[in-house]
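Notes follow once the structure below has been shown.
The values are calculated or read from the model by the stated rules, or taken from the named source; none is laboratory data. Predicted model only: the values in this text are computed from it and were never measured. Note that we place each Cβ from the backbone using ideal geometry, even for glycine, and neighbour counts take in every protein chain shown. The area values use the complete protein model at the heavy-atom level, side chains included, leaving out ligands, DNA and RNA. Shrake-Rupley method; radii C 1.70, N 1.55, O 1.52, S 1.80 Å.
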Amino acid sequence: MTPRGATGPVVSPVSSPTALRLAGVRLPVVGTARVYTCGITPYDVTHLGHAATFVWADLLTSVWRLAGIETVTCRNVTDVDDVLTRAAGLRGRDVAQFALEQEYAFDKDMSALRLRRPGYEPRARHYVGAVQQLTAALLAADRAYLREGYVYFRGAEVADRSGLSREEALARCAEFGDDPYDGRRDDPFDVAVWRPSAEAEPAWPSPWGPGRPGWHAECAAMALTVLGAGVDVLAGGEDLAFPHHAYQAALAEAVTAVAPFARARLHVGAVHQGGAKMAKSTGNLTLVAELLREHSPAAVRLMLLGRPWPTAWEYHPDELGRAAERLDLLYAAAGRSGGSEAAGSAAVTAALLDDLDVPRAIEVALDAGGEAARLLLRVLAVA
């Protein structure tokens with residue numbers, strides 16, 4: 001059975017394609033490429049920071065398709081989360097219903113930005129059983145321990161491998177709602193993969209008492225269930241590199257003995273506004289839906305793709321004007337006769353396969369014109 005969103009070579013593959021290089025890692029693929037993208041916690045509106053991550057992940061799969069590689073994509077929905085529970089409670093809403101409404105608004109924005117639907121969209125509440133299997137396996141391997149209804153994963157090595165100082169690592173854990181100084185833990189970097197639930201919190205029966213999954217365990221369980229013991233690319237915003245992706249990978253590796261869990265990682269640079277990272281918690285947001293009321297989806301999408309993907313950047317409204325101008329130049333280039341059509345298209349493809357270098361691909365397309373520009377417009381989904 002082919003999953004929804006599994007993509008074959010819908011663009012004619014280049015002859016003898018070079019393997020994609022991503023973040024310094026060469027990624028030859030035999031058969032199917034697997035991409036896991038950390039999706040939304042559906043408790044509020046979609047802003048440009050979210051959109052940047054998902055547009056880049058979408059482009060990644062398009063570039064693989066260009067090279068004739070079938071790609072299976074998975075983007076989860078974290079609909080079991082304390083932030084979501086609090087947001088629904090403040091509005092007097094049922095958590096599941098509230099999450100579905102927010103997810104609908106997100107899907108509407110992503111569709112407007114011309115993202116393909118992922119092949120799999122697992123929701124955390126449907127994978128609680130998989131989290132329990134993961135938890136039991138960790139306990140059996142002595143990689144976790146039970147204490148007062150909590151099951152903690154032994155995570156000191158995860159922090160050691162992060163490349164961060166101890167103070168930086170502790171601060172990042174705390175930023176995402178963890179409590180490194182929880183006295184039940186053997187080590188501040190141990191994380192809960194299963195937690196007991198209070199009366200107002202979602203709860204499922206388990207061998208360790210009624211409770212709910214930990215965030216890192218949810219993504220590890222969903223990725224393992226849907227895509228298997230390893231993925232080719234793990235994608236998300238740069239802020240997820242530690243602790244979330246580091247622990248997700250460590251949990252998966254602990255139960256499968258397959259390492260690394262991800263061959264490469266696509267950690268998309270943060271979008272800033274007013275000198276700070278765009279975030280719901282601070283309220284310095286530019287919403288996708290607001291931009292799309294006044295600007296074309298193609299211009300918004302090109303603005304998000306118009307720089308190296310790891311680069312953090314500051315959003316200003318004039319960014320959209322520059323993107324629209326660049327888009328008009330690409331349309332004009334596509335309408336004129338090119339020189340060597342094959343050479344121009346090959347150069348565009350080579351730029352995209354080299355770390356998704358969109359700025360270089362644009363310059364090549366503008367110079368070559370013709371089919372090279374038309375190819376780039378199709379791959380970027382801005383035609």
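In the stretch 350-383, which residue that is of a type in the set (G, A, S), open to solvent by 10 Å² or more (accessible area, probe 1.4 Å) and part of a loop (DSSP other than H, G, I, E, B) is modelled with the lowest pLDDT?
A383
For A192, indicate whether it is part of a helix (DSSP H, G or I) and in contact with a strand residue (DSSP E or B) (Cβ under 9 Å, 6 or more places away or on another chain).
So A192 does not fit the description; no.
Within the stretch 148-170, take every residue that is closer than 14 Å to S206 by Cα and not in a loop (DSSP other than H, G, I, E, B) and give me the one that is most open to solvent (accessible area, probe 1.4 Å).
Y150
Which residues, counting only those in the stretch 317-341, are surrounded by 13 or more Cβ atoms within 10 Å (Cβ to Cβ) and of a type in the set (A, V, I, L, M)?
Those that are surrounded by 13 or more Cβ atoms within 10 Å (Cβ to Cβ) and of a type in the set (A, V, I, L, M): L320, A323, A324, L327, L329, L330, A333, A334.
Please work out which residue is farthest from V63 (Cα to Cα), limiting yourself to the stretch 268-286 and to residues that are in contact with a Ser or Thr (Cβ under 9 Å, 6 or more places away or on another chain) and buried (at least 17 other Cβ atoms within 10 Å of the Cβ).
Restricting to residues being in contact with a Ser or Thr (Cβ under 9 Å, 6 or more places away or on another chain) and buried (at least 17 other Cβ atoms within 10 Å of the Cβ), the top hit is Q273.
From the list A198, A229, which one is assigned to a loop (DSSP other than H, G, I, E, B), touching a helix residue (DSSP H, G or I) at 6+ places or on another chain (Cβ under 7 Å) and over 18 Å from A144 (Cβ atoms)?
A229
Within the stretch 18-37, does at least one residue satisfy the condition of being at pLDDT below 90 and either over 30 Å from A105 (Cα atoms) or open to solvent by less than 10 Å² (accessible area, probe 1.4 Å) (or both)? Give the derivation first.
Of the stretch 18-37, the ones at pLDDT below 90 are 18.
Now narrow it down to the ones that are either over 30 Å from A105 (Cα atoms) or open to solvent by less than 10 Å² (accessible area, probe 1.4 Å) (or both): 18.
Yes: the stretch 18-37 contains one or more residues that are at pLDDT below 90 and either over 30 Å from A105 (Cα atoms) or open to solvent by less than 10 Å² (accessible area, probe 1.4 Å) (or both).
Looking only at the stretch 108-138, count how many residues are of a type outside the set (G, A, S) and open to solvent by 50 Å² or more (accessible area, probe 1.4 Å). Steps first, answer last, please.
Filtering the stretch 108-138 down to residues of a type outside the set (G, A, S) leaves 108-110, 113-118, 120-123, 125-128, 131-135, 138.
Those still in the list that are open to solvent by 50 Å² or more (accessible area, probe 1.4 Å) too: 108, 114, 116-117, 120, 123, 125-127, 133.
Counting residues in the stretch 108-138 that are of a type outside the set (G, A, S) and open to solvent by 50 Å² or more (accessible area, probe 1.4 Å) gives 10.
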